[in-house]
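Beneath this line is the structure, given in structure tokens, with notes to follow.
The values are calculated or read from the model by the stated rules, or taken from the named source; none is laboratory data. Because the structure is a prediction, the values reported are computed rather than measured. Cβ placement follows ideal geometry from the backbone for every residue including glycine, while neighbour counts extend to all protein chains displayed. Note: accessible area is taken over every heavy atom of the protein model, side chains too, but ligands, DNA and RNA are not part of it. Shrake-Rupley method; radii C 1.70, N 1.55, O 1.52, S 1.80 Å.
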Amino acid sequence: IVLMLAAGLIAGPFTGLVVPARDFGELLTPMIALAVAVILFEGGLSLNFHQLRDARVGVLRLVFIGAPLGWLFSVLALHYVGGLGWESSAVFGGIMIVTGPTVIAPLLRSARLSRRPAALLQWEAIVNDPLGALAAVLAFEVVVVLSTAARVGDAVLDMVIGIGVAAILGAAGGYGLVLAFRRALVPEYMKVALLFVSVLGVFAVSDSLLHESGLLAVTIMGVVIANANLPSYAELRRFKENATVLLVSGVFILLAAGLDVAAVYTLDWRAAALIAVVILVARPATVLLSMLGSDVVWKERILVAFTGPRGVVLVAVAGLFGERLVALGIADAALIAPLAFALVAVTVVLHGFTLGPMAS
């Protein structure tokens, strides 16, 4: 991933060989969105409930307690340290809940952690990814209501319907494929193709009702299939892993190549202080408070607390909401995209080269 970021910077800002906005035009945003959907679906495919075992309590705490705490601490850090307004802080803080599965998965392969901390990091990264996106949607809807004449009731209704439909679509898509595969309604050579198209279809339908809800739908879809004990599961998982490696590489290169260098130059000491506070204060406080009273031993708590790399989803979603907030007249939202990229770059390099030794 570090190599992909370097390749994107060389191909884009440094040499100008690749300019994603110029080369792909209006296709760029949907390309990245669909790639992220497949990546999250593959992450959901790895979430088998039998693998939780002794990590179940810790995972539940990281999701139901850690996500709200992470949102709160991120908002406070963005406002008081990063200098952003409350509107931008609330939206970006929701996105910062995520710890990217695109980064966690290769980290876990190389670091070879014990079973429980590996499960905690993996489940938190995959489950909190769509939750972070939905938190940003919720905050953005509130900002829209406060900034325009939109009605609160309509915004809340749209959110509830969007999340409900996403959950139903994800579950229905997963169970539908499971039944079709079990009853031999799909030839073996067509299973991967049908799976791939189904993921994109579920994501597109859900996202058309509520932006970013498609991420929740495909994650649920992956979890349903992962826990169905399909005989062809190993083959499906192998293909999805290969596709994910290619997609993660491509997305990281595109995002790095499309980096606005002028926007990065606008970052000052506040950005450095913000990243330090997020890594050294907000993330550890979130994990350690979430784990209070659990059976997770302190060494594992500390390891998880100081491991919070961000990835593709953070950059992609942050850039999208940054543009929308700027369109509403919130000027400091222009800093969201460069801050997101800086946070991803620092955490990927930091945790990528320190997790193994730290775990030892």
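Leaving out ligands and nucleic acids, note down the accessible area per residue over segment 100-217 with a 1.4 angstrom probe, in whole Å². Could you put the intermediate results ahead of the total?
Working: 5420 Å² over 118 residues.
Ligands and nucleic acids excluded, the figure is 46 Å² per residue.
With unit charges on the beta carbons (Lys and Arg positive, Asp and Glu negative) and the dipole taken about the Cα centre of segment 219-342, which residue among ILE336, ILE275, VAL261 sits farthest to the positive side?
My answer, from the dipole projection, is ILE275.
What helices does the chain have that are whole DSSP H segments, at least 27 Å long along their own axis by Cα, and with mean Kyte-Doolittle hydropathy of -0.5 or more? Walk me through the numbers on the way to the answer.
Values: long enough: 115-147 (47 Å, 1.09); 152-182 (45 Å, 1.60); 188-209 (33 Å, 1.47); 233-257 (35 Å, 0.89); 336-359 (32 Å, 1.85).
Once both thresholds are applied, what remains is 115-147, 152-182, 188-209, 233-257, 336-359.
Return the loop-located trypsin sites (Lys or Arg not before Pro) in segment 26-116 (DSSP other than H, G, I, E, B) with at most 11 other Cβ atoms within 10 Å of their own Cβ; answer none if there are none.
Details: sites: ARG53, ARG56, ARG61, ARG109, ARG112, ARG115; in loops: ARG112.
Here the trypsin sites (Lys or Arg not before Pro) that fit, given the DSSP loop and packing criteria, are ARG112.
Could you tell me how far the Cα centroid of segment 234-301 sits from the Cα centroid of segment 110-171, in Å?
Their Cα centres are 16 Å away from one another.
The list [x] 48, 20, 17; [y] 40, 25, 19; [z] 29, 25, 22 gives values of semi-axes √(5λ) of the Cα gyration tensor in Å, and only one came from this structure; which label was calculated from it?
Checking each listed value against the structure points to [z].
Grab the Cα-Cα distance for ALA204 and ALA327, subtract it from 0.36 nm times how many residues apart they are, and report the gain in nm with one decimal. Could the numbers behind the result be given before it?
Details: separation 123, 0.36 × 123 = 44.28 nm, distance 2.40 nm.
Working it through step by step, the gained length comes to 41.9 nm.
Rounded to the nearest 0.05, what FRET efficiency do PHE196 and GLU26 give with R0 = 25 Å and r taken as the Cβ-Cβ distance? Could you check?
Details: r = 23 Å, r/R0 = 0.91.
Once rounded, the FRET efficiency stands at 0.65.
Taking a probe of 1.4 angstrom, what is the accessible area of PHE140 in Å², to the nearest 10?
We get 30 Å² for PHE140.
Could you give the size of the charge dipole of the chain about its Cα centre, using +1 on the Cβ of each K and R and -1 on the Cβ of each D and E, expressed in debye and rounded to the nearest 20?
1140
Apply 1/(1 + (r/R0)^6) to the Cβ-Cβ distance of LEU292 and ALA262, taking R0 = 41 Å, and write down the FRET efficiency to the nearest 0.05.
Computed FRET efficiency for LEU292 and ALA262 comes out at 0.40.
For segment 160-317, what does the alpha-carbon gyration tensor say about shape, rounded, prolate or oblate, given a ≥ b ≥ c as the root eigenvalues, a/c under 1.5 as rounded, and a/b over b/c as prolate? Show your work: numbers first, answer last.
Working: a/c = 2.10, a/b = 1.55, b/c = 1.35.
Prolate shape, in that a/c is at least 1.5 and a/b is the bigger ratio.
Gaussian network model of the chain, Cα springs within a sub-10 Å range: biggest mean-square fluctuation belongs to which of LEU328, LEU247, LEU215?
Comparing LEU328, LEU247, LEU215 in the GNM, the peak value goes to LEU328.
Which value at 222 nm does the chain reach when only helices count, each DSSP H run of 4 or more adding -39,500 (n - 2.57), with the total divided by all residues and rounded to the nearest 500 deg cm²/dmol? Provide the component values of the computation, followed by the final result.
Numbers: 18 runs with 267 residues, N = 360.
That comes out to -24000 deg cm²/dmol.
For the chain, what is the relative contact order in percent, using Cα pairs closer than 8 Å and at least 6 residues apart in sequence? Walk me through the intermediate numbers first.
Numbers: 493 pairs, mean separation 112.0, N = 360.
Value for the chain: 31 percent.
Find how much the distance from ILE161 to VAL57 grows on full extension, using 0.36 nm per residue of separation minus their present alpha carbon separation; answer in nm with one decimal. Spell out each step's value before the answer.
Working: separation 104, 0.36 × 104 = 37.44 nm, distance 2.95 nm.
Extra length from ILE161 to VAL57 when fully extended: 34.5 nm.
Using Cα-only point scatterers and the Debye equation, what is log10 of I(q)/I(0) for segment 168-231 at each q in 0.20, 0.29 Å⁻¹, rounded to two decimals?
-0.72, -1.24
Mind putting together the pair-distance distribution for segment 1-150? All Cα pairs, 10 Å bins, whole percent per bin, short to long.
10, 28, 33, 23, 5, 0
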